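A.B. asks: Supplied in structure tokens, the structure appears directly below.
The values are calculated or read from the model by the stated rules, or taken from the named source; none is laboratory data. Small disclaimer: the values here were computed from a predicted structure and weren't measured. Using ideal geometry, Cβ is built from the backbone for each residue, glycine included, and neighbour counts are taken over all protein chains shown. Heavy atoms of the whole protein, side chains included, go into the accessibility calculation; ligands, DNA and RNA do not. Shrake-Rupley method; radii C 1.70, N 1.55, O 1.52, S 1.80 Å.
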Amino acid sequence: MLVTQGPKPRAAVLGSPIEHSLSPVIHLAAYAHLGLDWGYERVELQPEGFVGFVDALDDTWRGLSVTMPLKEQAAVCGVPDADVSLTGAANTVVPGLVRHVYNTDIVGLMDALSVEGLHESNVATIIGNGATARSAAVALARSGVRVIEVQGRNPDRLAKFRDWAEHACDVEVQPRSLGAPLDPASDVLISTTPSAALQGRLDTLAIELCPALRGVFDVIYHPWPTPLAQRASEAGLTMLSGLDLLVHQARHQVRLFTGMDVPVEVLMSAVRAELERRGAA
């Protein structure tokens with residue numbers, strides 16, 4: 001008897017802009033490694049279209065990766081895990097009879113810092129105070145950081161971030177203006193802002209003059225290197241990019257979508273091959 005195969009399971013990454021996203025490369029490499037015939041696509045989506053899109057999903061959908069500017073909308077579209085409740089930001093949606101939302105950025109940041117030996121710090125600096133910065137604060141606190149310097153342009157937003165982080169993460173928060181010289185004791189710097197926000201501020205930030213600084217984590221990966229990454233490399237600092245975050249958090253997304261694990265090396269190899277292909281194109 002002929003058995004008819006049903007529709008292919010699928011997943012997607014949602015956000016804007018989305019055309020350069022490497023998430024399809026990562027997830028499709030994971031599914032191939034796991035022997036799954038699944039699809040994965042990019043969907044350009046603004047916040048006002050998010051709820052309608054998610055509510056219209058049929059039972060072929062296994063998961064959604066969510067990037068900016070949709071993380072706060074995603075946080076309230078399903079049953080949140082503890083990290084979504086803590087940060088008010090979600091980057092993962094798992095559809096089903098009961099829709100669940102997760103924040104895998106936190107564990108992804110922790111994994112990436114650990115791989116580079118930057119997970120044991122006491123003082124750290126975060127540039128930015130949005131959804132990704134909140135995830136960074138939780139990741140740093142869970143890695144042992146007790147003091148976080150946070151830099152931003154809006155004093156009111158900085159004050160709200162300080163109040164949230166000191167309560168949610170049990171850390172001391174020191175608000176600073178964007179581009180201020182780093183706390184001399186700062187061991188790790190995580191930038192969660194677009195490169196344009198730091199234009200004209202790298203000289204006053206002066207990462208090369210911070211005596212304790214060991215590493216810089218710029219969560220951007222396109223275009224690369226960023227001016228901040230270039231300065232970090234010239235200063236001989238350990239440098240992490242948005243690729244490190246993307247790959248490590250995607251590994252946890254794959255586990256949530258499929259129930260199976262995949263080696264992070266499989267995902268990173270696929271990303272590097274794709275970047276080489278794009279560079280040669």
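A.B. asks: In terms of modelled amide H atoms, which long-range or inter-chain residues lie less than 5 Å from the amide H of Gln174?
C.D. replies: Result for Gln174 returns Ile148, Glu149, Val150.
A.B. asks: A follow-up question, please. Starting from the Cα-Cα distance between Ser85 and Asp58, subtract it from 0.36 nm times their residue separation and give me the gain in nm to one decimal.
C.D. replies: 7.1 nm
A.B. asks: Please list the three semi-axes, largest first and in whole Å, of the ellipsoid equivalent to segment 154-281, using sqrt of 5 times the eigenvalues of its alpha carbon gyration tensor. Walk me through the numbers on the way to the answer.
C.D. replies: On the way: eigenvalues 169, 91, 36 Å².
Over the Cα atoms of segment 154-281, the ellipsoid semi-axes are 29, 21, 13 Å.
A.B. asks: Something else about it: I need the GluC sites (Glu not before Pro) found in segment 1-78, filtered to DSSP loop residues with at most 13 other beta carbons within 10 Å of theirs.
C.D. replies: When the GluC sites (Glu not before Pro) of segment 1-78 are filtered for loop state and at most 13 Cβ neighbours within 10 Å, Glu19 remain.
A.B. asks: Got a number for the accessible area of Phe53? Probe 1.4 Å, square angstrom, nearest 10.
C.D. replies: 50 Å²
A.B. asks: Right, another one. What are the ³J(HN,Hα) couplings of segment 64-81, residue after residue, when phi is run through the Karplus curve with 6.51, -1.76, 1.60 and θ = phi - 60°? Round to Hz, x for glycine and proline.
C.D. replies: Once rounded to whole Hz, the list reads 10, 8, 10, 10, 5, x, 10, 5, 6, 5, 5, 4, 10, 9, x, 6, x, 7.
A.B. asks: I've got another one for you. Which whole-number percent gives the relative contact order of segment 63-127, counting Cα pairs below 8 Å spaced six or more residues apart?
C.D. replies: Computed value for segment 63-127: 28 percent relative contact order.
A.B. asks: Please give the Cα centre distance for segment 183-219 versus segment 255-269, rounded to the nearest Å.
C.D. replies: 31 Å
A.B. asks: Where does the chain land at 222 nm, in deg cm²/dmol rounded to the nearest 500, when only DSSP H runs of n ≥ 4 count, each adding -39500 (n - 2.57), divided by all residues?
C.D. replies: Result for the chain, helices only: -12000 deg cm²/dmol.
A.B. asks: Could I ask something else about it? Whole number please: convex hull volume per residue of the Cα set in segment 12-133, in Å³?
C.D. replies: On the way: hull volume 16.1 nm³, N = 122.
Residue-normalised Cα hull volume stands at 132 Å³.
A.B. asks: Treat segment 1-72 as a sphere of radius equal to its Kirkwood radius over Cα pairs and apply Stokes-Einstein at 37 °C in a medium of 0.692 mPa s; give the translational diffusion coefficient in µm²/s, rounded to a whole number.
C.D. replies: Once the numbers are plugged in, D ends up at 247 µm²/s.
A.B. asks: Okay, next question. Determine the relative contact order of segment 69-225: mean sequence separation of Cα pairs under 8 Å and six or more apart, normalised by residue count, in whole percent.
C.D. replies: The normalised contact order for segment 69-225 reaches 18 percent.
A.B. asks: Mean separation of Cα pairs under 8 Å and 6+ residues apart, divided by the residue count of segment 164-233: what relative contact order is that in percent?
C.D. replies: 34 percent
A.B. asks: Given a 10 angstrom Cα cut-off, can you work out which residue in Val262, Val188, Val101 is the most mobile in a GNM of the chain?
C.D. replies: Between Val262, Val188, Val101, it is Val262 that shows the largest mean-square fluctuation.
A.B. asks: Which order do you get for Asp59, Asp244 if you rank them by accessible area with a 1.4 Å probe, largest at the top?
C.D. replies: I get Asp59, Asp244, largest accessible area first.
A.B. asks: Additional query: Compute the distribution of all C-alpha to C-alpha distances in the chain, in bins of 10 Å from 0, and list the percent of pairs in each, rounded to whole numbers.
C.D. replies: Going from the shortest bin to the longest, the percentages are 6, 29, 35, 21, 7, 1, 1, 0.
A.B. asks: Can you work out the Karplus-derived ³J(HN,Hα) for every residue in segment 20-30? Use 6.51 cos²θ - 1.76 cosθ + 1.60 with θ = phi - 60°, whole Hz, and x for glycine or proline.
C.D. replies: Each residue of segment 20-30 in turn: 9, 4, 9, 4, x, 4, 5, 5, 5, 5, 5 Hz.
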